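A short write-up of the structure that comes next.
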Amino acid sequence: MILASIDIGTNTTRLLIVEANTPSSFRRIYSDRVITRLGGGFSQNGRITYDAMERVRRVLSDFKDKIDNYKCEKVSAVATSVVREAKNRDEFIKKVRERTGIEIEVISWQEEARRTLLGVFMGIPNHIESGLVYDIGGGSTEFILTKGRRPVRFFGTDLGVVHLAERYIYSDPIKEDEYKRLEEEIEKKILKVRSEIYCQREEVIGYEGEFKLIGTAGTITTLAAIDMDLFPYDSSKINGHIISINRINEILNDLMSRTLEERRDIPSIERGREDIIIPGSIIVIKTMEILGFEEMIVSDFGLREGIILNMLERGDLQ
C-alpha cells in the first residue's frame, strides 16, 4: 500500500511517501521538504498572514501532484504549533482544502509528541533504555521523557525558533545584548522544563549514565550536518549521529560571527534556515547544560514517519 504523510510546521512543510502494510514493512519512496515559514509574522497579531498561507498552499499543491503521481492510497496531513494557535486557523484549513483537496488535521502538543516519538525511534539504530526526546520546531519545542519506546511524561513549550528570531534578533550579525536577552528567555523556559519533567523523579535523571538525550527536527539535523561537513544531505548518515555540547558551542560561536549572507554560503545549512539556526542552537545548548547532558543522539526521523506509523498501528487505511 502506498501511503503519504504531510507535516505542516511553523517553519517547514514536509512530505513523505512510503510503501507499507505494517510498521515493519516501511519502505521510503519519496520525500521532500520546503521552508515555507508559515509562522512568519505570526507573533505580531496571532494570525497567519496571507503571504504565508499562499506559500504553503503552493507547496501543498505541488505535494498533491506528487501524491497523485505515486497513486497514494491514503494521505494524512497534520498541522502543528502555529495552526493550533492561529486565530484564523479555520480560514487556512478551508483554503487548503478548496485549493488542493487536502484535509488538514490539527493535532495537540501531546499528540504531536506521541507521533514524533514513533518516528524518532524508527531512526535510532540502537535500543535506548530510557531517555529524553526533544523536537525543536518553528513555533514550539516538545520534550518527551521515555522508558524504552514508551512516553512517560510530556512537556510542551512555546520555544519556537521562528518566533524567537522575530522577537529577539534585529542585527546582522547578532549583537551581544540581543544574544543575552534571547539566552535568558530560553534559559527561563528550559529551567521550567527541568522542574516539570523531572518533578516525579528523586534525582536529575539527565546525569544518569544510561540516560540518553535524543534530538530531532531541522535545527538539530542541521547541526549534525555541519558537524559532519555533510553535503548533499543524507538522512542515513544523520540518524544515530552523536554530537557533543562542546562541538555545538564551537558551531554556534562560528555562526554568530557571520552575517546572514555568510551563513547562506555554508553548504550544510538549508536556505531559509540561516536566521533561525541561532535561536535553535541556543535551545540545544541550554537543554544540554540545564538538564546535564554532554552529548546528544540525532534522529532525522520524526513526525512525518510517526504520522504514517500511526496510520499503520491504528489500521486507519480505509
L132 passes all but one of the listed conditions (1) closer than 14 Å to V193 by Cβ; (2) surrounded by fewer than 17 Cβ atoms within 10 Å (Cβ to Cβ); the exception is number (2)
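Out of S299, S281, S236, S268, I need the residue that is farther than 28 Å from F155 by Cα, in contact with a helix residue (DSSP H, G or I) (Cβ under 9 Å, 6 or more places away or on another chain) and not assigned by TED's automatic domain parsing to the domain that holds R28. Which one?
Details: S299 fails: farther than 28 Å from F155 by Cα; S281 fails: farther than 28 Å from F155 by Cα; S236 fails: in contact with a helix residue (DSSP H, G or I) (Cβ under 9 Å, 6 or more places away or on another chain).
Every option except S268 fails the conditions.
From the list P279, P267, exactly one residue is under 26 Å from R14 (Cα atoms) and surrounded by fewer than 19 Cβ atoms within 10 Å (Cβ to Cβ). Which is it? Lay out the reasoning, then the answer.
Working: P279 fails: surrounded by fewer than 19 Cβ atoms within 10 Å (Cβ to Cβ).
Sole residue among the options that is under 26 Å from R14 (Cα atoms) and surrounded by fewer than 19 Cβ atoms within 10 Å (Cβ to Cβ): P267.
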Selection from the range 63-95 of residues out of contact with any Leu (no Cβ under 8 Å at 6 or more places or on another chain), part of a helix (DSSP H, G or I), surrounded by 15 or more Cβ atoms within 10 Å (Cβ to Cβ) and not β-branched (V, I, T) yields K64, S81, R84, E85, R89, F92, K95
For the range 248-260, pairs from a residue that is farther than 15 Å from I276 by Cβ and in the same structural domain as E176 (by TED's automatic domain parsing) to a residue that is surrounded by 13 or more Cβ atoms within 10 Å (Cβ to Cβ) and among the β-branched types (V, I, T), with Cβ under 7 Å and 6 or more apart or across chains, are I248/V284; I248/I285; N249/I285
Scanning the range 96-142 for residues that are within 19 Å of G39 (Cβ to Cβ), among the polar types (S, T, N, Q) and not in a helix (DSSP H, G or I) gives S108, S140, T141
Could you check, for the range 79-99, whether at least one of its residues is over 19 Å from the mean Cα position of the chain (by Cα), outside the structural domain of S299 (by TED's automatic domain parsing), within 28 Å of I238 (Cβ to Cβ) and touching a residue at least 40 places away in the same chain (Cβ under 8 Å)? no
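The values are calculated or read from the model by the stated rules, or taken from the named source; none is laboratory data. What you see is a predicted model; the values in this text were computed from it and never measured. Don't worry about glycine lacking a Cβ; one is built from the backbone with ideal geometry, like all the others, and counts go over all protein chains shown.
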